[in-house]
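*Asks:* Sharing a structure, written as structure tokens. Questions coming.
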Amino acid sequence: MNNNWIIEKLKENKIKITIPRQKIAIWLDKKNGIFCASEINKKIKTIDRVSTYRTLDLFQKEKIITPIISLNGEQFYEKNNDNEHHHHIICTKCHKTECIECTKPKIKKTNFKNLNHSLIFTGLCQTCAK
Ligand SMILES: [Zn+2]
Ligand SMILES: [Zn+2]
Ligand SMILES: [Zn+2]
């Protein structure tokens with residue numbers, strides 16, 4: 001049996017593994033790309049919305065997931081262990097998302113240190129553009 005890193009992390013931090021937390025952790029472990037609470041509610045019917053939001057808040061606090069973008073009032077997140085730095089594109093109609101490579105945009109001059117960037121592309125996916 002392979003260990004679920006999310007459950008391990010919760011245990012390490014002495015957080016109780018409730019049923020919604022466990023179910024979302026298992027789903028999240030297999031999930032690639034960005035996701036939102038509605039997607040979880042569609043996939044895991046036994047968890048109510050409130051528990052989903054609370055679990056996502058907790059996972060965010062525990063640095064398991066990171067908020068990426070808010071679109072039409074829906075917050076999208078991504079798992080923190082998702083490989084290297086990259087960017088996202090999201091369909092504004094159906095909320096289908098994809099991860100995309102970074103083209104490393106360069107800036108010429110700034111007085112800022114510890115530079116970082118994030119980038120979100122929005123558009124219509126092939127299905128929605130028809
Ligand atoms: Zn779409
Ligand atoms: Zn991604
Ligand atoms: Zn980048």
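The values are calculated or read from the model by the stated rules, or taken from the named source; none is laboratory data. The model shown is predicted, which means the values in this text are computed figures rather than measured ones. Counting neighbours? That spans all protein chains shown, and the Cβs are built from the backbone with ideal geometry, glycine included. Surface areas here come from the heavy atoms of the whole protein model, side chains and all, with no ligands, DNA or RNA. Shrake-Rupley method; radii C 1.70, N 1.55, O 1.52, S 1.80 Å.
*Asks:* Just a yes or no: is a residue in segment 101-113 aliphatic (A, V, I, L, M), more than 15 Å from the chain's Cα centre (by Cα) and outside the structural domain of residue 11 (by TED's automatic domain parsing)? Can you show your working first?
*Replies:* Within segment 101-113, the first condition is being aliphatic (A, V, I, L, M), and the residues that meet it are 107.
Applying the additional criterion that residues be more than 15 Å from the chain's Cα centre (by Cα) yields 107.
After this cut, where a residue has to be outside the structural domain of residue 11 (by TED's automatic domain parsing) as well, the list is 107.
Yes.
*Asks:* Another question about this same structure. Can you find, within segment 83-105, the residue that is modelled with the highest pLDDT among those that are more than 13 Å from ligand 3 (Cβ to nearest atom) and open to solvent by 100 Å² or more (accessible area, probe 1.4 Å)?
*Replies:* So the residue we want is 93.
Matching residues to (1) in a loop (DSSP other than H, G, I, E, B); (2) more than 11 Å from the chain's Cα centre (by Cα); (3) more than 11 Å from ligand 2 (Cβ to nearest atom); (4) touching a residue at least 40 places away in the same chain (Cβ under 8 Å):
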{"site": "52", "(1), (2), (3), (4)": "no, yes, yes, no"}
{"site": "56", "(1), (2), (3), (4)": "no, no, yes, no"}
{"site": "67", "(1), (2), (3), (4)": "no, no, yes, no"}
{"site": "78", "(1), (2), (3), (4)": "no, no, no, yes"}
{"site": "90", "(1), (2), (3), (4)": "no, yes, no, yes"}
{"site": "94", "(1), (2), (3), (4)": "yes, yes, yes, no"}
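*Asks:* Can you list residue pairs whose Cβ atoms sit under 8 Å apart, with the first residue in segment 114-125 being part of a strand (DSSP E or B) and open to solvent by 70 Å² or more (accessible area, probe 1.4 Å) and the second being within 11 Å of ligand 3 (Cβ to nearest atom) and at pLDDT 85 or above? Count only pairs 6 or more apart in sequence or on different chains.
*Replies:* From segment 114-125, the pairs are 121/87; 121/88; 121/100.
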